[in-house]
C-alpha cells in the first residue's frame, strides 16, 4: 500500500542535502584556494603596501608614498636591469618554436627514438644550479670548451662571462637549454592528442609540409602553445638563479635583471631596503601581468571567434 503525504507532512530535507550539489565542489576547492590566497594573493598586496615605505626589515616603517617609484626612474642600475629583462624576454621566446621543432622531430615511431627523447628531456630534470655551473665551466677562460674553440678559430679566446656586452647573452643561452626541453615536452603531449582524422582529411586535400603544420596541427596545439608562452614569459622575467650563479650581476652590473636587483636592494649586504626592493618587485609583477593578460585576452578572443 502506498502512503501519500501532503506538502505539510513531507519529511523536510536538511540544509546540507538541499545545498550539497553546489557546495561540494567548493569544499574540495577550499584548501587550494586558501593556500593560493595565503601564499600568492596576500603577498602581492603586501608587497605593494611595503613599496610605499622605507623599511630595513627590523626598525620602524617610514611612510614615503610614491618616492620609491620616483627613485626607480632615475636609477641607472634599474634601467640596466629592465633592459636586460627585455632582452631575456625576446631571446627566451625562441624556446617555443625550437621546442615545437624538436617535438615534431621526436614525434616519430622509428627505432631508437626513446633514446633521443631521453637525451632531449635530460636538461629539464636537472637543477638550474647545475645548468649554471655547467655553462660557467663551458665559458670559463683558459680551459672552457667555448674559450678553446674561439681561440682555435680566431687565435684569441673569448671569455663570454667577463665581457659586459656578451655576458647577458651567455646566461640566456644557458637558460634556453632547459626551457626548450620544457616546451618540447608540452608539444609532445599536444601532438599525441592531435586528431588523426583531420590529418588524413588534410592529406587527401593535398596539404603537406608547412601548410599541414600551420592550418591543421598548430590550431590543435593552442593549449600547449598557451602554456609554453606563459611559462616562458614567467621564466624570462624571474631569471634570478642563473644570474646569481654565473655572474652575480657582473661584470660591472651589466647582467643584472629585475629579480636579482630586487634581491640586491632588499636582502643582500648592499641593501636591506625592503621598501625599494618591494617597489622593484611590483614593477616586475606589473610587466609580467601585462604580457600574460595580453596573451590570455588574445586566446579568449580567438576561441570566441572560432565558435
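The values are calculated or read from the model by the stated rules, or taken from the named source; none is laboratory data. Please read these numbers as outputs of a predicted model, since none were measured by experiment. Cβ: placed from backbone, ideal geometry, glycine included. Neighbour counts: every protein chain shown.
Odds and ends about this structure:
- Count of region 73-86 residues, restricted to those that are surrounded by fewer than 17 Cβ atoms within 10 Å (Cβ to Cβ) and in contact (Cβ under 8 Å) with a residue 12 or more places away in the chain, is 1.
- Hits in region 248-285 - residues which are within 24 Å of residue 159 (Cα to Cα), surrounded by fewer than 17 Cβ atoms within 10 Å (Cβ to Cβ) and free of Cβ contacts under 8 Å to residues at least 40 places away in the same chain: 248
- Scan of region 161-181 for residues that are over 22 Å from residue 235 (Cα atoms) and either assigned to a helix (DSSP H, G or I) or more than 28 Å from the chain's Cα centre (by Cα) (or both), ordered by number: 162
- Filtered residue count, region 268-283, keeping only those that are within 14 Å of residue 240 (Cα to Cα) and either in the same structural domain as residue 45 (by TED's automatic domain parsing) or out of contact with any helix residue (DSSP H, G or I) (no Cβ under 7 Å at 6 or more places or on another chain) (or both): 1
- Test: residue in region 146-158 that is under 30 Å from residue 218 (Cβ atoms) and surrounded by 15 or more Cβ atoms within 10 Å (Cβ to Cβ): no
- Matching option when the condition is assigned by TED's automatic domain parsing to the domain that holds residue 105, part of a helix (DSSP H, G or I) and modelled with pLDDT of 85 or more, among 199, 185: 185
- Residue match in region 229-236 (condition: more than 23 Å from residue 83 (Cα to Cα) and either touching a helix residue (DSSP H, G or I) at 6+ places or on another chain (Cβ under 9 Å) or assigned to a helix (DSSP H, G or I) (or both)): no
- Any chance residue 208 is more than 18 Å from residue 78 (Cβ to Cβ), free of Cβ contacts under 8 Å to residues at least 40 places away in the same chain, assigned by TED's automatic domain parsing to the domain that holds residue 78 and in a loop (DSSP other than H, G, I, E, B): yes
- Residue match in region 129-142 (condition: buried (at least 16 other Cβ atoms within 10 Å of the Cβ), in a loop (DSSP other than H, G, I, E, B) and free of Cβ contacts under 8 Å to residues at least 60 places away in the same chain): yes
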